Every structure is written in C-alpha cells, then in structure tokens.
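Notes for the one structure printed next.
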Amino acid sequence: MPTNLEYQVEMLIAKIKHYLITTLGRVSEEASPDEFYRALVYALREEIMINWLANARTHYQKDERMVYYLSMEYLPGRFLNNNASNLSSNELVGMVLQKMNRNWLDIMHCEMDPGLGNGGLGRLASCILDSMATLHYPGQAYGLRYHYGTFEQQIWGGMQVEAPDRWLSNENPWEFRRDARRTNVKYCGNTTPGTNIHGDEILSLKDFEEVSALPYDIPIIGYSQKGKFSVVTLRLWSTKESPKNFQLQRYNAGSVGQAAENVTLSDVLYPSDQHEMGKRIRLKQEFLLVSASLQDIIRHYQVGHQNFRQFADKTRIQINDTHAALVIPELIRILIQHHDIPWKMAVEITQACTGYTNHTILKEALEEWEQTLLNYLLPRQYQIIQRLNQDFCNQVRNRFPNDEERIRKLSIIEHGKVRMAHLAIVGSHKVNGVSGIHTSILEREVFKDFYELYPNRFINITNGVTQRRWLLECNPDLARFITKRIGSDWITDFSIISKLADFASDPESQDEILSIKKKNKLRFIEFIQRENHLRSATGQILANPNLEADSLFDVQIKRIHEYKRQLLNLLHIIMVYQEIISSPQHNRIKRTAIFAGKAAAGYETAKDIIHLITTVAAKINRDPSVGNLLKILFVENYNVSRAEMIIPAADLSEQISTAGTEASGTGNMKLSINGALTIGTDDGANIEMRQAITDRWWPFSFGCKAQEVADMRTKGTYNPRQICEGNPKIQRAVDSLRDRTFATNDEEHMAFSDLYHQLMEMHYGGPPDRYFVLKDLWDYYETQQKVEKLFSQPNQWAEYVIHNIAGMGMFSVDRAVKEYCDLIWNVTPCPADDEILARVRHEYELVDQCRIY
C-alpha cells in the first residue's frame, strides 16, 4: 500500500506528463528543462487555484474590509522555490524530480526574476504581501507589469551598461491574463465645466487620449504546513497588449515615437526624468497605476453594494511612497463626478480610506511635479488638487492666522510645483515612517509643520523581512540548525528566535554555525564562477578572482548611491591595500570585499563609483604582492536570486550610510538573520537592531550620530581638507583617486578625479563631501580593525553571530504587517471558510482524474 507521500508523487508526475502532452506537445523524456519547468508550474498551480478561489469567495460572502496595496515596485524573486517552500512541498517536488531524472537547479534556473522593482521599496512590498497571505489578511495589491524591468545591469570595461531586462522573453506560467478586467485610462483633452447634483464643480473631458490597461494576476501564496493556505492577488497592469494604444495615424504621418508612446507606458520602470519625454511617461505611469487600480477597487466594491455608504468602512488603500499619491485627487473626482457624492464627504471618504508610507527623508527624493505638466496630462485631477489645496490652506489660515510663511511651507502647490508628499499627507488618515529614527526625523524636521498640525496622523512602523524566503528558503542548513534547537514555530512566529541565545556559548553550536557559513561560501563561490560574467570593453568575458572560503566575506549589497557610501567602503579597502604593499609583514586576516547594486541610469556619480570599484578590483586582484590577503568582487545585475546566494555567505554586513539619511533598510535585517555581523552607523533600522541585539553583541558601531551630522550641516563647520591634512593614511587613499594609481586611461582619470573633487571641493554649488565620507573614515578604519581581531577568533565570532540572529525577532515583516493591520487598516484575519474551501475542492475533484492531495 503506497504512503500518502508516494501517492502524491505519482499524482504530481501524472499531472506534469499531462501538461507536457496537452499544453506543450512533448513527452517527458523529450521535454527541455524550460518545458518541464512550465509543466511543473501548471501542475502546482492547480492546488493554488482552489485556495485562491475559496479565499475570494470567502471575502465576498463575509463582506470583509479589504486592503488594497499600491506600489510602483515589487521584487518578488523567483516563485517556484518560494512557492514550493510555502506549500511545504519541497520534499514532494524533490522526489518527483528525482524519479523523472531531472536536476532541481536546471529547472529552477529556467525561471527569471520578475523585473518589477529596483530595490528595497519593491522588496519590502513583496515581503508585505507574503506576510498578508501567511497571516490570512484580506487584501489585493496593484502594480505595473514592466516588460523590460528597470534594466539588466552589465559591466563592460568596468562601467555599468543598461540592457533590457529579459524576464518576459519566455511565458511566465505564474501569471493569469484577465481580459475581462481591462480598464481605460484618460489623459490630456479639453475640459468642460459642469456640476453634480450637490452643485460641486465637475469637469467633463473631450478629445482625450484613452489608454487601455490589461491586468495580469499573480498569486502570492502564504506559508502553511497543513494545506489551508491563503492567497493574495498581485494585479499588474500592462499597456503592451492593446492595439488601441498604438496611434496608427501618427505612425503613418511619420511620428513613430509619439505613435507608440502609450504602448510603451508599461515597458520600463522609472524612465529617465532628465528630459521632457521621460518626465511625461513617468507621470503617465503613475496615473495608469492609480486610475486602473481605483476603477478595479470600485468595481470590486460595487459587486456587493448598491451605494457608497459603506465604501469608507470596507476599503483601505495603502500607497507605498508618493508614486501613487494621485489616488487622492482621482478618488475624490470619481466620487463627486460619477457617484454624486458631495465634495466634503468625498474628501472625508478618501482620507478615511487612504494611508501613506513614506520611505525617504532626502529632499531631492521627495517627488514633485510641474504644474504645467500635471495640468496638461491630467486637467481634471489638477483641478481637484487646486481645490483641495485651497481648502487645506484655508484650514491652516484659520488655525494660524497671519502666518503666511507656515501656509507657504505646508501648501501642496508651491513655486509652480505640486508636492506629492504634501498631497499624500493631506489626503490620508495615517502617515507612517519605516524606522524609529526615520519617523522622528519626519516629525521633527521634514514634515515638522504637518506634525504640529496633525500629531495623531503620524506613526512609526519599522520595516521587517519575511523569514520564510530570507532564511527558511535561501539558507536551509541554517534553518535546520535553528529548528533542531528551538522547533519550527519560528517560521510563522519569529519572536521565539530569541530562544536561540541559549545555544550561543555552546561549542558544538558554534562549530556547526561556522560549518554552515563555510558551506554557503563555497556554494556562493561556485555560483560566481558560473554566473558572474563581467566583460572587457570589447566584450571578452573576464575571469572572476579566486575567492577563498576562509576569508572574511565583507558584503555591501544595495543600490549604488552617495548616501549609502560605497565610496567609504572602497577608501578603506584602498587604505588596506596601501598598507599591505608598504608593510609586507603586516599581520592581517584574509578579506573578500563583495559589492553589488545598480546605479540609476541617469546618476553619473553612482556610475563613477561602480567604475572605481571595478577598476580598483582589477588592480588589487592581479597584484602578486597582495596574494590572497585581499580580493574585491563586483556582482553584476544584483537581484533577489543573487541576494539569496550572497546573503547566506556573508560574514560582515556593511550598513554605513550617513546617519540621518537611510529611512530603514531591509538588507541589514536579511544579512543579520543569516549570520552576518553588522558594521554600521546609527542610522535607519540599525538603531533598533542594535537595541534589540544589545551593545554587548553589537561590536562594530561607528560614525557620527544624526544630530552631529545635522549640526555640521547647519553650522557649516565641516572641512574635509583638514581631515586629510591631519591623517597621512587618509590623504594617501584620497590622493589615489586623482594620481592615476588606479586609472588606466584618461576617461577613468577624469571620472575618478571628479569623485576626488566632490570629496574635497564644492559639489555642484553645495559643500564638499556632502555625505561626510571622510569625517567617518578613520572611525570606520579602526572599527574594521576590531572586525579583523574578532574574526581571527572563530568560535568567539560564532557566539556573536548566534546572539545577533537571536536578537532579530522583532524584524519579521509579520510584526510589521500586524501593526499596519492594527494601527492603519483595522482589519482582521479572514482565512478561507472551511465549507467554501471544501465545496470548491469537491467541485474540482469531480472532474479531476490525477490530482495532488
């Protein structure tokens, strides 16, 4: 009699063979890895569809309050491994592949990372969806289906080159095209004034551009060991598949670019805004997301409701940063124009529904749009913004009479710009920062006047990461190490990870944690030799450096940006290099510095930093006087899958942003729960991580505090030249940027000299070294010496590692999502009703002949 698992194996094999024949026209022995991968996904998603449908029916029948999450970015990573893990089907899938003579890695590599995001913003959004599904919260997410992603990063001759992301070059078997949910979005046009039944002005639109948005749905599966998992829908809008979006008359008239503009709206995430066309397309993208999603949200509500009396109670819309702030004027417009709701009530409904998550305190990153462009593309929405701003300014004027300066600072519209963060704050009932220091800076500095006006509107919800993908899936050996000691409940209740501290001083546990780290390093080294294809300027594939698993893997993986200070890290590496070659007998540990991250296509300084990293790497890695003491690796095209290889292998986590600039960070959390110790400033969530882990086990803190940085900026007391003049080691490292130590041609010399001038002289009219790299460099250097001393004592290092993992309980996204649900959305879990789930399953079983139980 076969066991239940054996029976499931046979059923899954039968399903795979069924799809290979009926969908792909292949028998299993002849199928390519890609064909086999698709058939396997088709088979697995049958089970997903049962729960997906049962979830939707339950939410409708119970008339639950729904959360709608709007984000321009998602970074879900590959789905197959994550979904198999969340379905607790790893063993089942492994046995199937073995019996069908297939290699797991070959099948997994057939799937490409979805090109739907750029960095932490998108990865946080994906973590939130995973948690909502795992915790059974009713919700749906919206985004855009970028055909070419942000870009695929390639390194040619040491420089970043942007190529189209090819993630959709093959069919994506996890997505479902929903033609019946297609919507139309209107731009431009001429307006005709009118009124609704309450006398509120509304604008009718004529001679407009109409763009068709086609949705594709991706199921986001919650973790379950018992089969009763929930599914959250990620709905992505595309303009690629709609013939009406292509303007044939303009094409025939020779205006090829204009003819295809609306077809390309969903082509690329964040088109460059350094020219007018890029700005126009980016604003069109944002409104595409907003308009299509709101139409879908309202349609969903109207299925079960005859009027809008309950809309504010049944609907919660969370906008992830300001990209979706146009939700506010568009929802107000829809309510007053199409549903005859009076202006005041429409505003109140919108505020009750909407929450805004802020992700930045950098002034240059707070989104603003030119009035003229917004009025041209979205005349009706701009009129709503004007009236909303007038009413808001009148409220401020009534509360603070004769304070026109305050009104100017608070106004949504100022100096010909529409300030989207101001719009989001005025139109929301809650505004949250994403770490303690971030929220404090929002309240005390960035939005100080808003906080004085609406103190109860601002709250903090510190970010978190999902331990399921970022530990259970990507680091299975460490996951087994933890489960063996504290049980498996940490997978859904990460707070109990604190129990791991009981094993920190156990020599056997220390040895095992060191063994796991070494195994992950060897796996990463193998991956790099196979997958990391840096090129010469002529396109020749360059050899990666020979990495050694007993070296310190010193990792900085994040978007390349001046405030994240990859340059600080690199200057330290240059100092170490100069010490090694000048003092051959210097007693050092072996160090492997690993960088990864993309620079925005139009961000020349960030591109120069990448160029410098790769050029310094080329010289140091080939220098025989360095030997195996120091190696530098740049991992191109950083994405979720590459993070899943790098993070388990990391010994040291570089979290070195200028204090007061990083909102939170989530890479810091992923690295810490995978056993990397943090070298970091008191910035973002580092502060709360340090508090949770305690100073006893957080040995590598350095740098100025946020208030010190603010004081230096305000008083203008910082002088980087004095620092160099007082420290010969720093002076020598900085001079190497301009003395051709690393530059091999005039182009490199100019690029690196520009970095030197930005550190030492005026920077585009502003002060030099605006992120205080040189101010923190010597403290960083001395802290790195502490790193080397501790790393040379492996078991003591391992004790710190275990304590760091044990202190990370509060940094699960499950805790963050519960806080969103309690403090902003006021929703409760709603798993699929047992009777509904049984009915859907029974109906499926009546017609299914070879199902998976």
Inset, instruction - For the range 133-183, give the magnitude of the charge dipole about the Cα centre (Cβ charges: +1 Lys/Arg, -1 Asp/Glu; no others), in debye to the nearest 20. - result: 320
Inset, instruction - Would you be so kind as to identify which of LEU40, VAL9, THR58 lies farthest towards the positive end of the dipole of the range 1-129, taking Lys and Arg as +1 and Asp and Glu as -1 on Cβ and the Cα centre as origin? - result: THR58
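Measuring with a 1.4 Å probe in the full set of protein chains, what accessible area per residue, in whole Å², belongs to the chain? Intermediate values should be presented prior to the final figure.
On the way: 32850 Å² over 853 residues.
For the chain, the per-residue accessible area is 39 Å².
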Legend entry - Value at 222 nm in deg cm²/dmol, rounded to 500, when DSSP H runs of n ≥ 4 in the chain each add -39,500 (n - 2.57): -14500 deg cm²/dmol
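Quick check on the range 524-613: take the gyration tensor over C-alpha atoms, sort the square-rooted eigenvalues as a ≥ b ≥ c, and tell me if it's rounded (a/c under 1.5), prolate or oblate. All intermediate terms of the calculation are to be shown ahead of the outcome.
Values: a/c = 1.78, a/b = 1.23, b/c = 1.45.
Taking the square roots of the gyration eigenvalues as a ≥ b ≥ c, the range 524-613 is oblate.
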Legend entry - Burial ranking of peptide ranges 59-66, 701-708 (average Cβ count within 10 Å, highest at the top): 701-708, 59-66
Legend entry - Farthest positive-ward along the chain dipole, Cα basis, beta-carbon charges - from ASN546, GLY304, MET100: GLY304
Legend entry - Largest to smallest principal axis extent of the C-alpha atoms in the chain, angstrom: 85, 85, 59
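What Kirkwood hydrodynamic radius, in Å, does the range 625-775 give when the mean of 1/r is taken over all pairs of distinct Cα atoms and then inverted? Let's see the in-between values first.
On the way: mean 1/r = 0.0559 Å⁻¹.
Averaging 1/r across every pair of different Cα atoms and inverting gives 17.9 Å.
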Legend entry - Antiparallel content of DSSP bridges confined to the range 493-634, in %, to 5: 10
Legend entry - DSSP beta bridge pairing in the chain, given as percent antiparallel to the nearest 5: 40
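With only Lys, Arg, Asp and Glu charged, each at its Cβ (+1 for the first two, -1 for the last two), find how big the charge dipole of the chain is about the Cα centre; round to the nearest 20 debye. Write out the running numbers ahead of the final one.
Numbers: 96 positive and 106 negative charges, 119 e Å.
The calculation lands at about 580 debye.
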Legend entry - Carbon plus sulfur fraction of accessible area for the range 513-609, probe 1.4 Å, in percent: 51
Inset, instruction - Would you work out which of ASN245, TYR142, GLY227 lies farthest towards the positive end of the dipole of the range 140-252, given +1 charges on the beta-carbon of Lys and Arg and -1 on that of Asp and Glu, about the Cα centre? - result: GLY227
Inset, instruction - Using only alpha carbon pairs under 8 Å that are at least six residues apart, calculate the relative contact order of the chain and give it in whole percent. - result: 15
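Dipole magnitude of the range 1-43 about its Cα centre, charges +1 at Lys/Arg Cβ and -1 at Asp/Glu Cβ only, in debye to the nearest 20? Mind dumping the intermediate values first?
Values: 4 positive and 6 negative charges, 31 e Å.
Dipole about the Cα centre, nearest 20: 160 debye.
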Legend entry - Over 15 Å [Cα-Cα, the range 416-502], rounded percent: 68
Legend entry - Carbon + sulfur, % of accessible area of the range 80-188 - ligands and nucleic acids excluded, 1.4 Å: 46
Inset, instruction - Give a residue-ordered list of calculated ³J(HN,Hα) values for the range 138-147 (Karplus: 6.51 cos²θ - 1.76 cosθ + 1.60, θ = phi - 60°; whole Hz; x for Gly, Pro). - result: x, x, 8, 10, 10, x, 10, 8, 5, 5
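Can you pull out the GluC sites (Glu not before Pro) in the range 718-788 that DSSP calls coil and that have at most 12 other Cβ atoms within 10 Å?
Working: sites: GLU725, GLU747, GLU748, GLU761, GLU782, GLU788; in loops: GLU761.
Hits after loop and neighbour filter: GLU761.
The values are calculated or read from the model by the stated rules, or taken from the named source; none is laboratory data. Bear in mind that the values here come from a model prediction, so they are computed numbers and not experimental data. Virtual Cβ from ideal backbone geometry, glycine too; neighbours counted across all protein chains shown. Side chains included, ligands, DNA and RNA excluded: accessible areas come from the protein's heavy atoms. Shrake-Rupley method; radii C 1.70, N 1.55, O 1.52, S 1.80 Å.
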